[in-house]
Amino acid sequence: MLAIVKENREADFILRDVDIPEPKADEVLIRVESVGICGTDIPIFKGIRPVDYPLIPGHEFAGVIVRAGDAVSRFAEGDRVVPGLVVHCGTCRYCRQGLESLCDAIYEIGIHVNGAFAEYVVAPEKTLHRLPEGLHFNQGALIDPLASAYRPVRKARISSSDFVVIYGPGPIGLFALQVARAEGAGRILVVGAAGDTHRLALAKRLGADFTVNGQDHDPVERIRELTSGKMADVVIEATGVPAVVEPCINSLKKNGRLSLAGIFHEAVPVALGDVVRRELRISGSICYTWLDFQACIDLVAAGKVDLAPMISHEFPLTEMGEALNIAYRRESIKIIMHPRE
């Protein structure tokens, strides 16, 4: 089968013909129909995030089961499925609390083991969800990033009276916007930066009440103006950029909630004295649980989240180089690859 392989930290990826993987007893072999390029994939391809090499990345995917292991009981050949990337042990204290993403023995498809930038991939049965007949494989491939946004939004416990600010109109921020709207947020402001004009326009289409480009206006002052000095009830940080954390904190009212969805690869200086004095509540969020993932499928199936506007580009797997260049230049929202084209 054809697969995208990252062979070492320094080298670029190569398109190789590799063996089709064999599913274990509790796994299925999936023919990949759609797989998205995630922000987590970028540091892997660039060598910023080291992984065990060689690796086939790719974890946002949907496809069809072509073979099931002997111990698989709930799924069969021909089923349309979308797996979560989180593979948990199910027995540690975190798993027993329903916190699979904190599992002591966690591993992730496309990060710790070979993933879906290939014609076929294996996944454990316990990660699988059925893709409803009314949903396209492209929509299935976007459930993973939607779930990664759903969890931090849910942690913020948004109510109808809340003024919600989302820093970062990338895929996670735009998904967070839609989830916050579905959760009944009162008003939502999305903050972007240089080069985010088209993303902020999309934010308005997806339900943002206000947008502000930090290159042109101070977002903290804009929030102060829109709230008559009360400031935001909730801030969702969806950039992973260290310099954004301070304005996030400054955007909050006393006892406000900051939910961190971005992945930080550098140390972040934070003035904790202000956090203490204003009794701010800060929570982190990584990945999602099986129930979070299923809830997101249900949101899409019910029409409460619109995934179609999020897909800006589609390519065959053989054009991964061009797809990555577009992603590096931040000219895309979500790029979907099709291994079988």
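Please list, by residue number, every one of the GluC sites (Glu not before Pro) in segment 124-230 that is coil in DSSP and has at most 15 other beta-carbon atoms within 10 Å.
Here the GluC sites (Glu not before Pro) that fit, given the DSSP loop and packing criteria, are Glu133.
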May I ask you to list the lysines whose Cα is less than 16 Å away from that of Lys126, ignoring any residue fewer than eight positions away on the same chain?
-> Lys24
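Can you give the Kirkwood hydrodynamic radius for segment 149-284, in Å, rounded to one decimal and based on Cα pairs? All intermediate terms of the calculation are to be shown ahead of the outcome.
Working: mean 1/r = 0.0695 Å⁻¹.
Mean inverse Cα-Cα distance, inverted, gives 14.4 Å.
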Alpha-carbon centroid distance for the pair segment 57-89 / segment 232-277, whole angstrom | 36
Most fluctuating residue of Ala149, Ala176, Ala193 in a GNM of the chain with Cα springs under 10 Å: which is it?
-> Ala193
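Loop only per DSSP, at most 13 neighbouring Cβ atoms within 10 Å: give me the GluC sites (Glu not before Pro) in segment 26-100, ordered by residue number.
On the way: sites: Glu27, Glu33, Glu60, Glu77, Glu100; in loops: Glu77.
Hits after loop and neighbour filter: Glu77.
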Between Ala194, Pro152, Asn250, whose Cα lies farthest towards the positive end of the dipole of segment 149-284 when Lys and Arg beta carbons carry +1 and Asp and Glu beta carbons carry -1, centred on the Cα centre?
-> Pro152
Dividing the helical contributions, -39500 (n - 2.57) per DSSP H run of n ≥ 4, by the residues of the chain yields a 222 nm value, nearest 500 deg cm²/dmol, of -7000 deg cm²/dmol
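Using a 1.4 Å probe, what is the accessible area per residue for the chain, in Å²?
Working: 14750 Å² over 341 residues.
Heavy-atom accessible area per residue stands at 43 Å².
For segment 149-284, give the percent of accessible area contributed by carbon and sulfur heavy atoms, probe 1.4 Å, rounded to a whole number. Kindly include the intermediate steps, with their values, before the conclusion.
Working: 3040 of 6090 Å².
It is 50 percent, rounded to a whole number.
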Per the Debye formula with a single identical scatterer at each Cα and no solvent contribution, what log10 I(q)/I(0) holds for the chain at q = 0.07, 0.10, 0.11, 0.14 Å⁻¹?
-> -0.29, -0.59, -0.71, -1.13
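Between beta-carbons, use under 9 Å as the cut-off and find the net charge around Glu119, counting Lys and Arg +1, Asp and Glu -1.
Net charge in that neighbourhood comes out at +2.
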Hey, which lysines would be in cross-link range of Lys230, C-alpha to C-alpha under 24 Å, not counting anything within fewer than 8 residues on its own chain?
-> Lys155, Lys204, Lys253, Lys254
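For Tyr94, what charge total do you get from the other residues with a beta carbon under 12 Å from its beta carbon, if Lys and Arg give +1 and Asp and Glu give -1?
Numbers: positive: Arg93, Arg96; negative: Glu100, Asp104.
Surrounding charge for Tyr94 is 0.
The values are calculated or read from the model by the stated rules, or taken from the named source; none is laboratory data. Being a predicted model, the structure only gives us computed values, none of them experimental. No Cβ is skipped: glycine too gets one built from the backbone with ideal geometry, and neighbour counts run over all protein chains shown. For the accessible areas, the whole protein counts, side chains as well, though only heavy atoms, and no ligand, DNA or RNA atoms are used. Shrake-Rupley method; radii C 1.70, N 1.55, O 1.52, S 1.80 Å.
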